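S.K.: Just passing along the structure, written as structure tokens.
The values are calculated or read from the model by the stated rules, or taken from the named source; none is laboratory data. Computed from a prediction, not measured in an experiment: that's the story for all the values here. Using ideal geometry, Cβ is built from the backbone for each residue, glycine included, and neighbour counts are taken over all protein chains shown. Keep in mind that these areas ignore ligands, DNA and RNA; they rest on the heavy atoms of the full protein, side chains included. Shrake-Rupley method; radii C 1.70, N 1.55, O 1.52, S 1.80 Å.
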Amino acid sequence: MSLLEVTDLHVRYGAIPALKGIDLRVEEGELVAVVGANGAGKTTTLSAIAGAHRASRGTITLDGKEIQRRRSAEIARRGISLVPEDRGIFPSLTVDENLRLGSYLLRDSKEVTHLRGEIFQRFPILQQRADQGAGTLSGGEQQQLAIARALLTKPRLLMLDEPSLGLSPTLVDRVFEVIQELHDEGVTILLVEQNATRALDLANRVYVLTTGVMTASGTAQEIRASVDIESAYLGGA
Ligand code: ATP
């Protein structure tokens with residue numbers, strides 16, 4: 001049984017169909033990437049899994065249990081954590097306060113202290129800036145904060161929506177390095193990226209999403225061999 005299994009998922013915004021029956025699965029320990037152009041439905045896929053958008057048809061299961069009708073807080077409690085495209089940090093709160101919001105799901109204070117230690121080791125800048133307003137962090141630092149906060153929920157599935165968006169090339173490198181490290185340490189990751197080339201370098205398996213339909217899937221190697229990544233990236237135009 002897959003950790004996450006999405007079957008025939010349809011999501012509409014009023015009359016507009018954003019997802020037209022997609023299938024997707026993520027096995028424990030995998031790094032799976034969904035690539036596609038602007039408006040292909042990548043964000044909608046992640047927000048539907050996280051419970052922020054209702055499916056009009058289809059199922060989403062975590063460990064074989066349907067979650068598509070659950071509320072987002074319940075889905076988070078079951079172990080799915082989403083780092084949204086806008087990073088979702090609270091700019092007027094400090095870095096530390098933002099991190100504390102991440103650890104609300106964990107009851108054991110020793111575990112929280114241990115996890116915070118690990119996170120500060122991985123992202124030393126967050127410890128240095130702990131008392132600073134999160135809104136004053138640079139784009140790359142905010143992305144690190146958003147990922148750190150998600151990790152503090154000890155997710156079974158970490159979903160990242162366009163983590164490289166708006167970052168300078170050096171910071172993009174750093175963010176992809178962090179994703180690779182997390183994967184190497186066993187974190188299961190579902191990554192959505194417009195930067196298909198970079199996503200393919202990291203992923204075990206890849207799905208290509210084109211206007212609400214999965215048009216290809218396979219290992220990174222298979223996708224490289226069979227799909228014109230440039231045209232998938234540009235929406236097949
Ligand atoms: P991007 O990379 O530009 O964020 P995406 O692949 O994540 O694109 P989505 O944001 O999931 O794509 O959007 C899929 C489709 O649904 C698009 O056609 C978009 O215009 C539409 N859409 C998204 N959100 C809404 C909304 N709240 N109301 C109406 N239409 C929406």
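S.K.: Checking the table Lys65/Lys110; Lys20/Lys154; Lys65/Lys154 against a 27 Å threshold on Cα-Cα, which pairs fail?
M.R.: Details: Lys65/Lys110 30 Å; Lys20/Lys154 32 Å; Lys65/Lys154 19 Å.
Pairs exceeding 27 Å: Lys65/Lys110; Lys20/Lys154.
S.K.: With N denoting the number of residues in the chain, provide Rg(C-alpha) divided by 2.2 N^0.38 Å, to two decimal places.
M.R.: Details: Rg = 17.3 Å, N = 237, 2.2 N^0.38 = 17.6 Å.
Relative to the rule-of-thumb radius for its length, the chain sits at 0.99.
S.K.: What is the distance in Å between the Cα centroid of the stretch 142-218 and that of the stretch 39-116?
M.R.: Using only Cα atoms, the two centres lie 15 Å from each other.
S.K.: Which GluC sites (Glu not before Pro) from the stretch 132-185 combine a DSSP loop assignment with at most 10 other Cβ atoms within 10 Å? Before the final figure, lay out each step's value.
M.R.: On the way: sites: Glu141, Glu177, Glu181, Glu185; in loops: Glu185.
Filter output for the stretch 132-185: Glu185.
S.K.: Still on this structure: Out of Pro17, Pro155, Pro169, any idea which swings most in a Gaussian network model of the chain, alpha carbons joined below 10 Å?
M.R.: Pro169
S.K.: Here's something else I'd like to know. Mind checking the per residue accessible area of the chain for me, 1.4 Å probe, whole number of Å²?
M.R.: 47 Å²
S.K.: A follow-up question, please. Work through the residues other than Val213 whose Cβ is under 15 Å from its Cβ and net out their charges, Lys, Arg +1 and Asp, Glu -1.
M.R.: Details: positive: Arg12, Lys20, Lys42, Arg57; negative: Asp8, Asp23.
Charge balance near Val213 sits at +2.
S.K.: If each residue of separation counts as 0.36 nm, what is the full-extension length gain between Ala130 and Asp8 once their alpha-carbon separation is subtracted?
M.R.: Working: separation 122, 0.36 × 122 = 43.92 nm, distance 4.34 nm.
Full-extension gain reported as 39.6 nm.
S.K.: Still on this structure, please answer the following. Taking the Cα-to-Cβ direction at Thr219 and at Glu118 and moving 7 Å from each Cα, how far apart do the two end points lie in nm?
M.R.: 2.9 nm
S.K.: Just to be sure I understand the model, the point goes 7 Å from the Cα along the line to the Cβ. What's the resulting Glu27 to Leu165 distance in nm?
M.R.: Using points 7 Å along Cα→Cβ, the separation is 3.0 nm.
S.K.: A further question on this structure: In deg cm²/dmol, rounded to 500, what helix-only [θ] at 222 nm does the chain give when every DSSP H run of at least 4 residues adds -39500 (n - 2.57) and the total is split over its residues?
M.R.: On the way: 10 runs with 89 residues, N = 237.
Rounded to the nearest 500, the figure is -10500 deg cm²/dmol.
S.K.: Further question: Rounded to the nearest percent, how much of the accessible area of the stretch 113-237 (1.4 Å probe, protein heavy atoms only) is carbon and sulfur? Intermediate values should be presented prior to the final figure.
M.R.: Working: 2680 of 5470 Å².
Answer for the stretch 113-237: carbon and sulfur cover 49 percent of the accessible area.
S.K.: What is the sum of charges, Lys and Arg at +1 and Asp and Glu at -1, for the other residues whose Cβ falls under 13 Å from the Cβ of Pro124? Before the final figure, lay out the partial values.
M.R.: Numbers: positive: Arg116, Arg122, Arg129, Arg174; negative: Glu118, Glu141.
It works out to a net charge of +2.
S.K.: Can you give me the distance in nm between label points at Tyr104 and Asp63, each placed 7 Å from the Cα along the Cα-to-Cβ direction?
M.R.: The two pseudo-label positions are separated by 2.2 nm.
S.K.: Turning to a different aspect of this structure: How much net charge surrounds Gln68 when only other residues with a Cβ under 13 Å from its Cβ are counted (Lys, Arg +1; Asp, Glu -1)?
M.R.: Numbers: positive: Arg54, Arg57, Lys65, Arg69, Arg70, Arg71, Arg78; negative: Glu5, Asp8, Glu66, Glu74.
So the environment of Gln68 carries a net charge of +3.
S.K.: Under the rule of at least 5 residues apart or a separate chain, name every residue whose amide H is placed under 5 Å from the amide H of Met214.
M.R.: When sequence neighbours closer than 5 places are left aside, the close amide H contacts are Asp23.
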